[in-house]
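The values are calculated or read from the model by the stated rules, or taken from the named source; none is laboratory data. None of the values given here were measured: they were computed from a predicted structure. Every residue, glycine among them, receives a Cβ derived from its backbone with ideal geometry; neighbour counts consider all protein chains shown. Side chains included, ligands, DNA and RNA excluded: accessible areas come from the protein's heavy atoms. Shrake-Rupley method; radii C 1.70, N 1.55, O 1.52, S 1.80 Å.
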Amino acid sequence: SAIRWLPSTIENAMGPHVHDPRTGEILEADIIMYHNVLKLCRDWYFVQASPSDERARQLPLPDDLMGELLAYVVAHEVGHSLGFPHNMKASNSYTIEQLRDPEWTKRWGTEASIMDYGRFNYVAQPGDGAATIPTIGPYDFFAVQWGYKQFRDKKAEQEGQRALVATQLDDPKLRFGSTNAAEDPSQQTEDLGADPIRATMLGLRNLRRVAGYLVKATCKPGEDYELLRNMYEQVINQRNRELGHVANLVGGMVKKNLRFGDADRVFHPVNRARQKEAVEFLNQHAFRTPKELLDPDILWRLEPNGAADRVLSGQRRLLRSLVNERRVKRMAEH
């Protein structure tokens, strides 16, 4: 069992393990860090968190910050090596106010589990002082208890695990959800907070801030514009990603994995007024020309044309998502 650093252009990391299929016992585990995960961390953090972290407003990022970002990735992969899957409901457990609160984020992090894909705190605004990098959260301690706590006998184990599961009834931070973004807006990837509309509104403000210092952060005398091109594309991708989080409220069904006797249903339709609010938000912010991201000072360093197609492509993807057959069927049944 080892942490392996591999020279590769792959922007990723992995935490695979080999287990005994009869018992679940983990026999061997590796954490694989592809070299280009450095680029992934840099791109995400600059686009998502640089408005709240002055260290990240000039590239390259300082070594101490890169170390913090790599520690986050390694901790996530350690979770996989211990047998923990992704928990996409964890980032939905915190309110927008909590994500902007320095005391809350210092104690609880920015998502309830480091096994989520919440990424960096794009909700926090300059001056908030909130934490920006995910840490091991309350669900992770809960999962360790479930998977590794030892009991004196089988009966004690059953009683202990029953009591442990019961804590989820009153504490949403301890609940689990696999990836199911198109159906359940509380189980999305790359999102933060229990309110996708407010989170995206604050995220778009930060993206406008990033666009304002994009040239200064990426360009140096005598160098080409490849870094500027890369980061500009990352800004556009992040914008599309956040708007997609809002779209998934439409026709959404929130899944709460509570058993018979604990709750009278598993699936809960998103409130109709909430769905309408999501559509109004998208009409205001997505289905219009984002002029603040079409600055000639950026575009004319990169291309003679292409901006219109780039914007239209994102809008088309969003519209296709909204009129997806399964989404429309859920709305009709609701």
Consider segment 127-176. How many of its residues are touching a helix residue (DSSP H, G or I) at 6+ places or on another chain (Cβ under 9 Å) and among the aliphatic types (A, V, I, L, M)? 8
Scanning segment 81-115 residue by residue, those free of Cβ contacts under 8 Å to residues at least 40 places away in the same chain and either closer than 29 Å to GLU28 by Cβ or open to solvent by less than 30 Å² (accessible area, probe 1.4 Å) (or both) turn out to be THR105, GLY109, SER113, MET115
Those residues of segment 170-183 that are modelled with pLDDT of 90 or more and hydrophobic (A, V, I, L, M, F, W, C) come to a total of 2
Subset of segment 18-37, residues open to solvent by 50 Å² or more (accessible area, probe 1.4 Å) and under 24 Å from ARG119 (Cβ atoms), comes to HIS35
Every pair of residues 6+ apart whose Cβ atoms lie under 8 Å, when the first sits in segment 1-26 and is within 13 Å of LEU82 (Cβ to Cβ) and part of a strand (DSSP E or B) while the second is open to solvent by 80 Å² or more (accessible area, probe 1.4 Å) and charged (D, E, K, R): HIS19/GLU25
Complete set of residues in segment 259-286 that are under 23 Å from the mean Cα position of the chain (by Cα) and either among the small types (Gly, Ala, Ser) or not in a helix (DSSP H, G or I) (or both): PHE267, HIS268, PRO269, VAL270, ALA278, ALA286
Consider segment 185-212. How many of its residues are assigned to a loop (DSSP other than H, G, I, E, B) and surrounded by 24 or more Cβ atoms within 10 Å (Cβ to Cβ)? 7
Can you tell me how many residues in segment 264-291 are among the hydrophobic types (A, V, I, L, M, F, W, C) and free of Cβ contacts under 8 Å to residues at least 12 places away in the same chain? 2
Can you tell which of GLY244, GLY251 is among the small types (Gly, Ala, Ser), within 22 Å of GLU325 (Cα to Cα) and assigned to a helix (DSSP H, G or I)? GLY244
Being free of Cβ contacts under 8 Å to residues at least 60 places away in the same chain and charged (D, E, K, R) is the filter; apply it to segment 55-71 and report the residue that is most open to solvent (accessible area, probe 1.4 Å). ASP63
Could you please tell me which pairs satisfy a Cβ distance under 8 Å, a separation of 6+ or placement on different chains, a first residue in segment 160-173 that is under 13 Å from SER93 (Cβ atoms) and of a type in the set (S, T, N, Q), and a second residue that is at pLDDT 90 or above and outside any helix (DSSP H, G or I)? GLN168/ARG175
For segment 307-334, name all the residues that are among the small types (Gly, Ala, Ser) and in contact with a helix residue (DSSP H, G or I) (Cβ under 8 Å, 6 or more places away or on another chain). ALA307, GLY314, SER321
Quick one: which of SER52, SER1, SER8 is crowded, with 16+ Cβ neighbours inside 10 Å, out of contact with any Leu (no Cβ under 7 Å at 6 or more places or on another chain) and not aliphatic (A, V, I, L, M)? SER52
Could you please give the count of residues in segment 82-100 that are in a helix (DSSP H, G or I) and of a type outside the set (A, V, I, L, M, F, W, C)? 4
From the set of residues in segment 256-299 that are closer than 21 Å to LEU243 by Cβ and aromatic (Phe, Trp, Tyr), which is most open to solvent (accessible area, probe 1.4 Å)? PHE287
Out of everything in segment 306-320 that is small (Gly, Ala, Ser) and assigned to a helix (DSSP H, G or I), what residue ends up being surrounded by the fewest Cβ atoms within 10 Å (Cβ to Cβ)? ALA308
If only one of VAL47, VAL74, VAL78 is in contact with a strand residue (DSSP E or B) (Cβ under 7 Å, 6 or more places away or on another chain), open to solvent by less than 50 Å² (accessible area, probe 1.4 Å) and outside any loop (DSSP other than H, G, I, E, B), which one is it? VAL74
Quick check, is GLU103 charged (D, E, K, R), out of contact with any Cys (no Cβ under 9 Å at 6 or more places or on another chain), farther than 24 Å from THR9 by Cβ and not in a helix (DSSP H, G or I)? no
I'd like to check something: does segment 122-142 contain any residue that is charged (D, E, K, R), under 29 Å from GLU183 (Cβ atoms) and open to solvent by 20 Å² or more (accessible area, probe 1.4 Å)? no
